[in-house]
Amino acid sequence: MKSQSKVIEITPRACNSKEAAKYLGVAETTLKQSRSTGTLFGIATPTYKKVGHSVIYEFSSLDKWLDALPEYKNTADEALQKY
């Protein structure tokens, strides 16, 4: 009888700074600087964790930061919300 092997897909829960920056659409250096300043584009920086010397971001934290960004319907709407 032939044994069947199962393929298990694992969805990553976290990523490094380079991957997080790409996910958010910002430069990696901008994301790194935001850890010192505490803000990223005027919004509190996404939370991160340290594993040894490595910084990791959970996707849930990155999604939370994205959800905090204002939404616009059009450029006129954007201009109104700035003032």
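No lab work stands behind these numbers, since they all come straight from the coordinates. Nothing here was measured: the structure is a model prediction, and the numbers come from that model. Reconstructed Cβ throughout: ideal geometry from the backbone, glycine too, with neighbour counts over all protein chains shown.
Details
- Answer residue from segment 20-44, given it is touching a helix residue (DSSP H, G or I) at 6+ places or on another chain (Cβ under 9 Å) and over 22 Å from Glu71 (Cα atoms) and is surrounded by the fewest Cβ atoms within 10 Å (Cβ to Cβ) among those: Thr29
- Subset of segment 37-67 [under 10 Å from the mean Cα position of the chain (by Cα), part of a loop (DSSP other than H, G, I, E, B) and without any contact (Cβ under 8 Å) to a residue 12 or more places away in the chain]: none
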